[in-house]
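The values are calculated or read from the model by the stated rules, or taken from the named source; none is laboratory data. Not measured: the values here are computed from a predicted model. Heads up, the Cβs are rebuilt from the backbone with ideal geometry, glycines too, and the neighbour counts pull from every protein chain shown. Side chains included, ligands, DNA and RNA excluded: accessible areas come from the protein's heavy atoms. Shrake-Rupley method; radii C 1.70, N 1.55, O 1.52, S 1.80 Å.
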Amino acid sequence: MTSKQTSKDKKRVDRSLAQSKESLVPPTELGGVTPAQLREALELVKTEEGPKTPEEKENYFMTQVGMGEQLASKGPAFYLPAAMSFFRALRVYPSPVELIVIYQKTVPEPIFKLVMDMTNLDEEHSTVEDVVEEETSPTRGSPPSETSSSQEWDKGEGGTDWVIVKARVEGYYNHFPPKSTNVSVETREGGRKALIVQKDFAAGELIYKENPAVAALDADLEATGKYCSHCFRLIQSAMSIQPPPESNPLSSTYCSKDCMVASKSQSQSLLFSLDPPLPLEIAAAPPQEGATEARRQAQEKFVEYLKKEARAAPMLVARFIARQVAVETSKMVQDVTKSDPKKSENDFTDADGGDYLLADHMERLRYLEVTPPKEELPLLVEVLKTALPGLEQFVTEERHSTLLGKMKYNAFGITYGGGRDDKPEPTDRPEDVEKTRTPYGTARQIGCAHYTLSSYLTHSCVPSTRPSFSNGTTELHLIANRDLKKGDELTVAFVDVTQHTDESIVECRRRRRIELARGWKFACGCARCEEEGLAMTVEEKGGAEQAEQKDESKIEASLSRYEGAEEGPSNVD
C-alpha cells in the first residue's frame, strides 16, 4: 500500500461521508473522527483484496506497519489513515492479541483507540475475547511457546505466517548495517548484539566512518561560538555564522552555511527557532494569533532548563524526535515534488533497503531505566505542541524515559586534539554524573552524539578498536587497535582504561569497574578484568569487588518476544 493509495483511501472516505447523514454525528475525542467515519473506514478496508501468498502477506504486513508509523508522525489529520494501516496489519497478523499489546505500548494513544474501535466494529473480530478464543482453539492451534520452533508454528492455520511476525524484526539485519561498512550485527553469548568485522584489517587501518543521527555540544560550550553547533568543528569567530537572535535562543554558531542549513532542516527549525517547522512544500496553515509568542516562550523555558541541567541527554532526545519528523517530512516532499530520494553522504548510517525508519534503528538498541526530573517532559512537550500541534501526543512519559535511557547507554563522547581540560567540575553525586562512551574520559569531551551503527560496539578493557575524531568533527572513524580477522568482534573502551602513573593495577581495575557500574550498570567480564581479578588477594578483592553488579540494561518489550525467545535471557524489559 503506497502513500498515494493511502491518500486516495482517505479522499474516498471523506467523499462518501460528505454524502451521508451519519457524518453529522458529533465527533469523538479521537482526532475529530466520527463513528460514521470509523464505519466507512472499516468497510473500505474489508472490501480491499488482501494478500494471498506468504510472501505477499510478509510484504503487506511490513508495508502497512511502516505506513502507519509514517502517517502517525504527520499529526491528527492523519490519525484515521494511520489507524487504517495498523488495522490492515492486524488483520494478517498470526497472533492479534500480541500485536495489540505491542500497539498499546508503541502506537500513539489516539490512534490505538481508533484501531481498537475498528476491531470492535469488525464482525470478524468483534471482541478481544473472541480473538483469544480463536487463537487458542484446536482449529487454529496454540500460539508458539518460548520453546516452539518455527516449524511447529507453521503446522497451525496460516502456514508460514510466523514469517510475517518475525520479518520486520529479523529482516532488519538483512539490510543493516550496509555492506559498505565492512561489519555486520550478530548475536553473541547471552543474546547480546555485537559488531562483527567482515574482512581482515591490519592494526591502524580504518574500518568505517560514521556520522551521527543527532549530536549536542557540552552546555557550557554551546553559546561560546568556539565550536560549530552542528559538526563541532573548531572555528574562528570571524568565520562564524549565526541565525538572527530572535530565531536562535541557544545562541548557536556554525562554521559554514551548509552546517547551518543542515541543522535547521534536521532539528533547529522545529525546536529552537520561529521559522516554519516544516518544509515550504508541505507548509502547515499560518499560525493562529498568539501562537508565535507561545512558541517563543516555550523554547525559552526549555533552553533555560537545558542550561540549568547541563546534561546532553535531554537535548539529544529532543533532537532525535525532531529528526524523526524531518526524515518523514522529507519523504512527503519527495511525494509532492515527484523527486527521487536523496541522502547526504554526511548523514547517519541507514539501512540499505527495507524501508526502515529512524525509529527502527533506535528501537533495537539497549537502554537503561531512568527517571527524568518531573519538569523535563512538560517543557519538551510544550515546545513540540507550539511548533506542530498534535506532535506532542507521540511523546508519552514512557517513551520519553526510554529515549533518555537509550541516549544514556549509547551516546559517544567526542574529543579531538587531546580533548579539553577546562570542563566545569560536576556538582552531582558521582553516580549521577552523565557519562558517555569515550576512552579519554567524559571530562575531556566537547560534546556527544548518537550513532546508529556504533551503538552496537561493546565494551572491553582491552578494546580491539578505538573511535577517532581526527578530522575535527562529529564524524566517527573506527580504527583497528590490532590486526583483526574476519569474524572478530569489535569492541571499544567506554571509559579510560589506561593505567595512570599514580595507580596500581588494583586501583586501575577498581576505577574502571566503578565507572562502568555507574555509567552503564554492568560489571565488566573482559579477559583483562578476569586475569587481574585472579591475581588479586582476598583483601584487594574486598575493596575492588564493591562495584560488581548485575547488568541492568534492557531491550524494548516489542522486540523481546521475538529476539528473546530465540536468544535466551538478556535482561529484557
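Among the residues of segment 302-358, those identified as at pLDDT below 85, closer than 22 Å to Cys259 by Cα and among the charged types (D, E, K, R) are Glu328, Lys331, Lys342, Lys343, Glu345. Among the residues in segment 168-181, are any modelled with pLDDT of 90 or more and farther than 30 Å from Pro54 by Cα? Checked segment 168-181: at least one residue is modelled with pLDDT of 90 or more and farther than 30 Å from Pro54 by Cα.
Among the residues of segment 307-318, count how many are assigned to a helix (DSSP H, G or I), surrounded by fewer than 22 Cβ atoms within 10 Å (Cβ to Cβ) and not basic (Lys, Arg). Residues that pass the stated criteria total 1.
For segment 416-445: of the residues being assigned to a loop (DSSP other than H, G, I, E, B) and open to solvent by less than 10 Å² (accessible area, probe 1.4 Å), which is nearest to Glu222 (Cα to Cα)? Before you say what the answer is, go through the steps one by one.
First, pick out the residues of segment 416-445 that are assigned to a loop (DSSP other than H, G, I, E, B): 416-429, 433-436, 438-441, 445.
So of that shortlist, the ones also open to solvent by less than 10 Å² (accessible area, probe 1.4 Å) come out as 436, 438, 445.
Working: Thr436: 18, Thr438: 20, Gln445: 13 Å.
If we take residues in segment 416-445 being assigned to a loop (DSSP other than H, G, I, E, B) and open to solvent by less than 10 Å² (accessible area, probe 1.4 Å), then Gln445 is nearest to Glu222 (Cα to Cα).
Given the residues Ser265, Ser251, which is the only one that is touching a Pro at 6+ places or on another chain (Cβ under 9 Å) and on the phi > 0 side of the Ramachandran plot?
On the way: Ser265 fails: on the phi > 0 side of the Ramachandran plot.
Selected residue: Ser251, the only one of Ser265, Ser251 that is touching a Pro at 6+ places or on another chain (Cβ under 9 Å) and on the phi > 0 side of the Ramachandran plot.
Scanning segment 170-188 for residues that are in contact with a helix residue (DSSP H, G or I) (Cβ under 9 Å, 6 or more places away or on another chain) and not in a strand (DSSP E or B) turns up Glu170, Gly171, Tyr172, Phe176, Pro177.
If a residue has to be surrounded by fewer than 17 Cβ atoms within 10 Å (Cβ to Cβ) and either hydrophobic (A, V, I, L, M, F, W, C) or at pLDDT 95 or above (or both) to count, how many in segment 504-527 make the cut? Looking only at that region, the number is 4. Taking the criterion of being modelled with pLDDT of 70 or more, open to solvent by less than 50 Å² (accessible area, probe 1.4 Å) and not polar (S, T, N, Q), the residues of segment 529-558 that qualify are Cys529, Glu532, Gly533, Met536, Asp551, Lys554, Ile555, Glu556, Ala557.
When Phe494 is tested against (1) over 17 Å from Phe522 (Cβ atoms); (2) surrounded by 22 or more Cβ atoms within 10 Å (Cβ to Cβ); (3) hydrophobic (A, V, I, L, M, F, W, C), just one condition goes unmet, and that condition is (1). Exactly one residue out of Tyr79, Tyr60 is within 26 Å of Pro110 (Cα to Cα), of a type in the set (Phe, Trp, Tyr) and open to solvent by 10 Å² or more (accessible area, probe 1.4 Å): that is Tyr60. The residues in segment 228-241 that are without any contact (Cβ under 8 Å) to a residue 24 or more places away in the chain and surrounded by fewer than 14 Cβ atoms within 10 Å (Cβ to Cβ) can be counted, and the count is 4.
Looking at this structure, is Thr386 at pLDDT below 95, of a type in the set (S, T, N, Q) and crowded, with 19+ Cβ neighbours inside 10 Å? Steps first, answer last, please.
Numbers: at pLDDT below 95: yes; of a type in the set (S, T, N, Q): yes; crowded, with 19+ Cβ neighbours inside 10 Å: yes.
In short, yes.
Within segment 59-70, residues that are on the phi > 0 side of the Ramachandran plot have Cβ atoms under 7 Å from residues that are open to solvent by less than 20 Å² (accessible area, probe 1.4 Å) in no pair, counting only partners at least 6 apart in sequence or on another chain.
Considering segment 189-227, and only residues there that are assigned to a strand (DSSP E or B) and open to solvent by 30 Å² or more (accessible area, probe 1.4 Å), the residue that is nearest to Ala238 (Cα to Cα) turns out to be Lys209.
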